[in-house]
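Read the structure below first, then the notes.
The values are calculated or read from the model by the stated rules, or taken from the named source; none is laboratory data. Predicted model, so just to flag it, every value in this text is computed and none were measured. Reconstructed Cβ throughout: ideal geometry from the backbone, glycine too, with neighbour counts over all protein chains shown. Accessible surface areas use protein heavy atoms only, side chains included; no ligands, DNA or RNA. Shrake-Rupley method; radii C 1.70, N 1.55, O 1.52, S 1.80 Å.
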Amino acid sequence: MTSGRVAANAHIPFLELGRQVDALREELDGAVSSVLDEGRFVLGPRVAEFEQAFADWCGAGYCVGVASGTDALALALQAVGVRSGDEVIVPANTCVPTVAAVESLGATAVLADVDQRTFTLSHESVIATRTERTRAVVPVHLYGFCADVDAIRDAAPGLRVVEDAAQAHGAELRGRRAGTLGDAAAFSFYPTKNLGALGDAGAVVTNNSDVAGRARLLRAYGERERYTSVLSGRNSRLDEVQAAVLLVKLRYLDAWTERRRAIAARYENLLAGRRLTCPVEPDGWRHAWHLYVVRVGDRDEVRRRLASRGIETLVHYPRPMHGHPAYTALAHPGLEKSEQLAREVMSLPLYPELRDDEVESVAFALSEALSE
Ligand SMILES: *Cc1c(COP(=O)(O)O)cnc(C)c1O
């Protein structure tokens, strides 16, 4: 490593969203302004245009814009037939919204463990946790890496499969993109995601026209026409300002994903042979690198050493689902891998606007921290 030495006063935050806003400022101003000129603010032409564009980008038949990724997951589950009292299998290594979406329907989340190598839902654990009440399974494409939905489908015939693709815009499994792998998928456009709005937003994506039709009804009180509700729904609408912003940003998403991939490749190269476990990208997978997550036994100490060198890291996630006080009731034996990951994972800065010299500084500081 030549230019990788960290300046004494180095400060590399985990994420600096302002860089993207600065680069797109004029286009974003124009997009917001055009909505103001038009004067339609909810479910108007921009939402329809974005839905078509994002469905096409995913290679899917339909996209239904909603208010958040959590709502997208809840509405997708409801649209594929999950009802109050059903069990839904979700990985223990995920963030709270996955479980919150299930519980918002009155359904019961059942935790399954993850694969040690890919950190995503293990099909063996799905078999072990299935009961006669299980209606659906939610593979979470964590960190931008697709869960092996094909293996999960084979292991769990008859279950509905709803992808949590909140971190996986553009990720691929065996040539198909996230959003097309199950019966339906949920995307989030929270500002820090690979495609982020300027606030909360999300989408249900599916190839099934009936599922899309139901999601479309459910996001607006189940109304087939005004003041005639045919399903028991909610208010979860995507607004025109967010859709206009997302249309601007979608044009950059391929380039941003390529940049994420280049940074990940650089990290892999610079960190080869160090005493940590780097993430994998086996044949047949295309990682979207929402997060670059390494594993190291003395994680908390390594993070402290990095912080003292001005490098900010985060932990996704510091607790398995059943480690949250609100969800201890979901604990059961057989979630050891998720528990171990929560103790060992650490996320390095990775976003499209991160500069090469910063990537090198992070890798250099990490190498030092590991051998201190
Ligand atoms: C962000 C996220 C969600 C929730 O999305 P919101 O838009 O914040 O509601 C759900 N699942 C995963 C894995 C996420 O990363």
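Some values worked out for this structure:
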{"read-out": "Cα centre as origin, Lys/Arg/Asp/Glu Cβ charges: the range 153-247 dipole, Debye", "value": "140"}
{"read-out": "Gyration tensor (Cα) of the range 9-95, equivalent ellipsoid semi-axes in angstrom", "value": "31, 25, 12"}
{"read-out": "Interchain or long-range residues, amide H under 5 Å from Glu163's placed H", "value": "Gly182, Asp183, Ala184, Ala185, Ala186"}
{"read-out": "The range 79-225: translational diffusion in µm²/s, Stokes-Einstein, Kirkwood Rh over Cα pairs, 10 °C, 1.306 mPa s", "value": "103"}
{"read-out": "Using θ = phi - 60° and Karplus 6.51 cos²θ - 1.76 cosθ + 1.60, couplings along the range 154-171 (whole Hz; Gly, Pro as x)", "value": "5, 6, 9, x, x, 7, 6, 10, 10, 6, 8, 9, 4, 10, 10, 4, x, 5"}
{"read-out": "Coordinate range along principal axes, alpha carbons of the chain, Å, largest first", "value": "67, 55, 38"}
{"read-out": "Sorted largest first, extent of the range 224-372 alpha carbons per principal axis (Å)", "value": "67, 44, 35"}
{"read-out": "Check: the range 195-332 dipole with +1 on Lys, Arg Cβ and -1 on Asp, Glu Cβ, in debye", "value": "300"}
{"read-out": "Kyte-Doolittle mean at least -0.5 and Cα axial length at least 18 Å: DSSP H helices in the chain", "value": "18-38, 45-58, 356-371"}
{"read-out": "Proximal charge balance of Ala136 [Cβ under 9 Å; K/R count +1, D/E count -1]", "value": "-1"}
{"read-out": "Accessible area (Å², 1.4 Å probe, nearest 10) - Arg153", "value": "90"}
{"read-out": "Additional length obtainable on full extension of the chain from Ala307 to Glu38, 0.36 nm per residue less Cα span", "value": "92.1 nm"}
{"read-out": "Calculated P(r) tail over 14 Å for the range 272-315, as whole % of Cα pairs", "value": "60"}
{"read-out": "Residues whose placed amide H lies under 5 Å from that of Phe41, excluding near-sequence neighbours", "value": "none"}
{"read-out": "Charged-residue dipole, Cβ positions (Lys, Arg, Asp, Glu), the chain about Cα centre, Debye nearest 20", "value": "340"}
{"read-out": "Amide hydrogen neighbours beyond the local backbone of Ile12, cut-off 5 Å, H modeled", "value": "Ile311, Glu312"}
{"read-out": "Semi-axis lengths (Å, descending) of the ellipsoid that matches the C-alpha gyration tensor of the range 185-274", "value": "37, 15, 11"}
